[in-house]
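Report on the structure given below.
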Amino acid sequence: MKAFPAKVPGKVQHIETSVFAVFSALAKEHRAINLSQGFPNFPINDDLIELVHRQMKKGQNQYAPMPGVPELREQIAAKVNTLYHAAYDPGTEITITAGATQGLYSAISSVITPGDEVIVFEPAYDAYVPTIRMNGGKVRYVKMHAPDFAINWDEVRKAVNEKTRMIILNSPHNPTGSILGKADIDELDDITSHSGIIILSDEVYEHLVFDGARHESLARYPSLASRAMIAGSFGKTFHATGWKVGYMLAPANLTGIFRKVHQFVVFAVNTPAQYAIAEYLQNPSHYLDIAGFYQEKRDYFSRLIAPSRFKIIPCKGTYFQLLDYSAISGEKEEDFAKRLITEYGVAAVPVSAFYHDKEENRVLRFCFAKTDETLEKAAGIINKI
């Protein structure tokens, strides 16, 4: 078919291909061990698969209600109330999304209009900024610097102005593995308490917090929850990223505007999976035991690569481990990450890709949500570099 030249619309001409797609494709091309993209390579629980199969056999294969099946929303409400002592109405304050990314897209699109400013903390998950820009918003960057990647709240105060419409948080944080503490929450509340600023809190790794730390969900704090949209993900929690089932918590007024966008982005989410997850959530151990499982993965991977020349940066949450390679090479992160794939056969992601100005710290992100065999093979390579 003959292709005619088409002018690229301004709203997308500056959007690049996701770093995850780029490095996963490169890993596949070179048959490298893929520790770049954040997906587990081990099976999910057989009971959960059986629950989905059972729902399919029962005939739950047509459109779900636009907000999500009531049973799942009720189970989410119960979970959030138990964990965070927060009461969300399943009918008006909880919406099931096609993964957290769709929820984040719809949340930003429902709030941001041309000229609005959004504060984004860098390094930042790469879905935030393109969506802000496509909706005419302006990004205000606040950097978190290696090696601790903590938020400098004085810089946040300087960034806030009369045009600030939203602040986007992510804890546990992708790509760095850092987490927010109670002091961070207090600072956020102090800065936004007398404003109309909406907080979009990406909490997809809420159950992957290590070393006895507590996940500081904004749902715990009524003054913040009243102006917060909180994204969650069953794909992350139950190692089922391909199912693309997540959810959004928000007060009724924000849920109302969120659903106006949600209905035309996806309308409804995988029906049998929703019913299956609703039943699976009735056993709290299915999500409460996840932190211990992944902490063992983190610790095992750390022990395996201890002899290497990479420096381990503490991982407090998520299933990502940052490694500093400054003792090995002075190359830029993207160049070194590509050479790891092409010359050594292991794939990681350059953290510089999560900064708008490609800040260099000689740090790469590795995913340890893999089988022990995969981690052992990868560590064998890493230790020889």
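All of the numbers you see were taken from the coordinates with simple rules; none came from a lab. Bear in mind the structure is a predicted one, so any value in this text is a computation, not a measurement. Backbone-built Cβ (ideal geometry, glycine too); neighbour counts: all protein chains shown.
For the cross-link pairs LYS358/LYS384; LYS143/LYS163; LYS58/LYS370, the ones whose C-alpha atoms lie over 25 Å apart are LYS358/LYS384; LYS58/LYS370.
Residues TYR300, TYR221, arranged from fewest to most other Cβ atoms within 10 angstrom of their Cβ, appear as TYR300, TYR221.
By the rule of a C-alpha distance below 17 Å, with chain neighbours fewer than 8 residues away ignored, the lysines paired with LYS182 are LYS316.
Ellipticity at 222 nm from helices only: DSSP H runs of n ≥ 4 in the chain, each -39500 (n - 2.57), divided by the residue count, give -11000 deg cm²/dmol. Based on C-alpha pairs under 8 angstrom that are at least 6 apart in sequence, the chain has a relative contact order of 24 percent.
Bridge orientation summary for the chain: considering DSSP beta bridges with both residues in this region, about 50 percent are antiparallel. Ranking of HIS215, HIS173 by neighbouring Cβ atoms within 10 Å, starting from the fewest: HIS215, HIS173.
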